[in-house]
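This report concerns only the one structure given below.
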Amino acid sequence: MLEILKFNEDEYTFPCLIVLGCFDGMHIGHSDLLKKAKLQAKINGLDLGVMMFSEGKGGKQVYTFEERVEFLEQFNVKFVLKIDFNDEFKKIKPLDFLQAIEEKINVKAYMSGKDFKFGAGAKGKSSTLKSFCEDEENGVWYMPVKDITYGEQKISTSYIKTLLENGDIKTANELLGRNFSVTGKVINGADRGGKLIGIPTMNLQYPENKIQIKQGVYAICCKIGETVYNGVANYGARPTFGETNMLLEAHLIGYNGENYGAEITVEFLYYIREIGTFECAEALKEQLITDINGVVSANADLNSDIKTENQELDNAAVEELAATDGSADNAQTSVETATVPDEGGQTLVETAEDEQFETELEEEAPAEVTEQPQTNENDASENPVELQQEDSNDVSENNLVVSEEENERETVDESFTQQSDGEEN
């Protein structure tokens, strides 16, 4: 379990790499940055930490702080530097912010997006960080990472929020790298779904701190126990019954449980239609049945497409082997008859696919990645650790290894395009 450090209060003594940014949306641009940071931390024997605002930079959030922390665990993050984006913090000058971090944390390296801004008036930027790290007195290293774009659009949390507010869930999910979701407790409702309409629903109170999606009817999925159910959900008012308060009502296809008081997570797949006002409950039921059948049909089409794609891949593989060996039969024989003995003298099958996979792994492995000795984070000293590098036992504090993937430090142009003050990365 990673540690949560309060900015300007808690200390971290083990040498580390810190990733700076807002990380409100946790989109694919953030994931790309964190993957690179994970690699650099591993290469240089550093713990990985991530700066994160507790409640974002104001306004509703795409993901709560707890949800974002959970996402970080896949990147082997050791700690989160938790910052409250309040009036006091907003007054801190860029260099004072960096100094405050280094007074409490044993920083050896920084990484950030190339458009990262920080400090009072957002005057600090990548070039500020670069200059700070190049100062020999600071003895740290910095790597900016290029932005990822969606077409010509820069991927940002602000853009994703706009997509969600407009009901463009499919595009938002693509940029997030996962389905947008809402977690909440199942609460009591009017029970019209089961008794009056005949289509049971679970009611969730939409979290106050989450960005509100467009009111409407959505295709969803939800995991109950070990089973994932598809379904439809209505988010917003219920004008047919004269109710205007905002509520999330979810019908899970094939599930009849109630789960009152249980906490569940609803994932949104795509927008179906706007909320309508119907003459009676029976008319509403007919529309809901149409919505449900549409979701069932869409899932059937998706499964069929996946099956067809897998079959096409299998056929292509056979054709490729046939072209290499002269015939499909020869190709099949060559795959099945290649054998090697194991240590116990038994014969194991080694397929052509195995050899190709091993070759690809060898080609993709970073040349400078070396095995690091096991370290005990609880036994870290204040003295700088000796970083492991090939052919060298004398490594200075600001001479960290950069993998081949990032072997050229990017020169930061101080005149790069300025983003608006309100935009969130």
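Every number in this text was worked out from the coordinates using simple rules, so none of it is lab data. Every value quoted in this text rests on a predicted model; they were computed, and no experiment measured them. Note that each Cβ is placed from the backbone with ideal geometry, even for glycine, and that neighbours are counted across all protein chains shown.
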Within segment 151-188: backbone nitrogen closer than 15 Å to the Asn245 label point (7 Å, Cα to C-beta): 185-188
Burial ordering of Leu252, Leu288, fewest other beta-carbon atoms within 10 Å first: Leu288, Leu252
FRET efficiency for Ser54 and Lys185, using Cβ-Cβ distance with R0 set to 25 Å, rounded to 0.05: 0.70
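Computed FRET efficiency, Cβ-Cβ of Lys146 and Met1, R0 25 Å: what is it to the nearest 0.05? Show your work: numbers first, answer last.
On the way: r = 32 Å, r/R0 = 1.28.
For R0 = 25 Å, the calculated efficiency reads 0.20.
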Cβ-based net charge around Ser31, under 11 Å, with every Lys or Arg adding one and every Asp or Glu removing one: +3
Amide H partners (placed H, <5 Å) of Tyr270, local residues excluded: Ala219
Exposure proxy ranking, count of Cβ atoms within 10 Å, fewest first, for Glu67, Glu267: Glu67, Glu267
Estimated inter-spin distance, Glu274 and Ile224, nm [label 7 Å along Cα→Cβ]: 3.2
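Sorting Thr290, Thr171 on the 10 Å Cβ count, fewest up front, what's the list? Walk me through the intermediate numbers first.
Working: Thr290 12, Thr171 16.
Ranked by crowding around the Cβ, least crowded first: Thr290, Thr171.
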Karplus-derived 3J(HN,Hα), 6.51/-1.76/1.60, for each residue of segment 287-298, Hz, glycine and proline x: 5, 5, 4, 4, 4, 5, 4, x, 5, 4, 5, 4
Segment 226-299: chymotrypsin sites (Phe, Trp or Tyr not before Pro) in DSSP coil with no more than 14 other Cβ atoms inside 10 Å: Tyr260
All lysines inside 17 Å of Lys36 as judged from Cα atoms, apart from same-chain residues fewer than 8 positions distant: Lys78, Lys108, Lys114, Lys146
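For segment 1-159, compute Rh as the Kirkwood radius over C-alpha pairs and then the Stokes-Einstein diffusion coefficient at 37 °C and 0.692 mPa s; write the answer in µm²/s, rounded to an integer. Walk me through the numbers on the way to the answer.
Values: Rh = 15.8 Å.
D = 208 µm²/s.
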Distance (nanometres) between label positions extended 7 Å along Cα→Cβ at Glu208 and Asn259: 2.4
